[in-house]
Amino acid sequence: MQIVILKNSVEVAEYGANIFIEQLQAKPDSVLGLATGSTPMSLYRQLINANQAGEVSFVKVKSFNLDEYLGLDGSHPQSYRYFMNEQLFDHIDIDKSQTFVPPGDAQDPIEACERYENQIIEAGGIDIQLLGIGRNGHIGFNEPSSGLMSRTRVKTLTKATIDDNARFFSEGEYQPHLSITMGIGTILDAKKVVLLATGDNKADAIKATVEGALSASCPASALQLHRNAVLVLDEAAASKLSDCDFYRHIEVENQKLRASLAKS
């Protein structure tokens, strides 16, 4: 894993956005794996700005979202389809018919999961997957105990995740306890993975992800198996890593190497 430690959440969003911008400039027909939640919102604003400035285009892009609440259709304000439209798709030159989110209103959720996996395969696989991370180490809605080679499926949310997400629902409003999520194996199939984490409430999960054992108790630890995973952290999220100076030194040396290769 490449560990990038930056000063604050603004720098994290800028760094992450630049990775996606470089991907789109190199391959305009990229297949993007996208995420919802508060962490990616600043990155999406950066991508909107880049698109409106003519730096990148999404005309040829396909996208697949990590997850969706089971029981909510795309018009529901708390659905992740609604979130993606509002936070990104409505503001860029993307063909919405080429943006895919697991169908929360599927009549047959099991069949819908299999179909979603097949759609990703038919698109040629995901070139770059964006991730956040939960306090308990979940990625997508792959909660602790998830199989490390799991595929897209229906998943029960933990109480911790339900409590964390309750702030998005009004008092008395129906809040789903089930989801459709890409599996950890599906995520690992992406050619590149970019995980963003900010805030000291993510510090324990980041330590377990980077320095802990490979374990279903921390689903994000599966990224230790990925050959091209980048974790972009602010100082607070990185605060419990054993030697932040060492990770910073590695990143400086990596930057020197990349610069040298670019000149050759």
Notebook entry, point to check: On full extension of the chain, what length is gained from L148 through M41, given 0.36 nm per residue of separation minus the C-alpha to C-alpha distance?
Noted result: 35.8 nm
Next item on the list: Classify region 213-264 as rounded, prolate or oblate from the Cα gyration tensor: take a ≥ b ≥ c as the square roots of its eigenvalues, call it rounded if a/c is under 1.5, otherwise prolate when a/b beats b/c and oblate if not.
Entry: oblate
Item checked: FRET efficiency, 1/(1 + (r/R0)^6) with R0 41 Å, evaluated for R167 and Q25 via beta carbons -> 0.70
Checklist line | Largest-first ellipsoid semi-axes for the chain, taking √(5λ) over the Cα gyration tensor eigenvalues, angstrom | finding: 27, 23, 18
Check: Across every pair of different alpha-carbon atoms, what Kirkwood hydrodynamic radius in Å does region 1-116 reach?
Finding: 15.1
Next item on the list: In nm, give the distance between the simple-model label positions of N118 and R135, each being 7 Å from the Cα along the Cα-to-Cβ direction.
Entry: 4.0
Notebook entry, point to check: Reachable lysines from K240, Cα under 24 Å, same-chain residues fewer than 8 places away excluded?
Noted result: K7, K202, K207
Checklist line | Gain in span if fully extended, L257 to N201, counting 0.36 nm per residue against the direct Cα distance | finding: 16.9 nm
Notebook entry, point to check: Based on the Cα atoms of region 10-59, what semi-axes does the equivalent ellipsoid have, where each is the square root of 5 times one gyration tensor eigenvalue, given in whole Å with the largest first?
Noted result: 17, 12, 10
Check: Can you give the relative contact order of region 2-263 as a percent, counting alpha carbon pairs under 8 Å and 6+ residues apart?
Finding: 24
Check: Once you put a point 7 Å from the Cα of E55 and another 7 Å from the Cα of D90, both along the Cβ direction, what distance in nm separates them?
Finding: 2.4
Check: Can you pull out the chymotrypsin sites (Phe, Trp or Tyr not before Pro) in region 150-228 that DSSP calls coil and that have at most 13 other Cβ atoms within 10 Å?
Finding: Y174
Check: Each label point is 7 Å from the Cα along the Cα-to-Cβ direction; what then is the distance between the points at I250 and V10, in nm?
Finding: 2.8
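Rule-based calculations on the coordinates, nothing more; no lab input. This structure is a prediction, so every number in the text was calculated from the model and none was measured. Note that we place each Cβ from the backbone using ideal geometry, even for glycine, and neighbour counts take in every protein chain shown.
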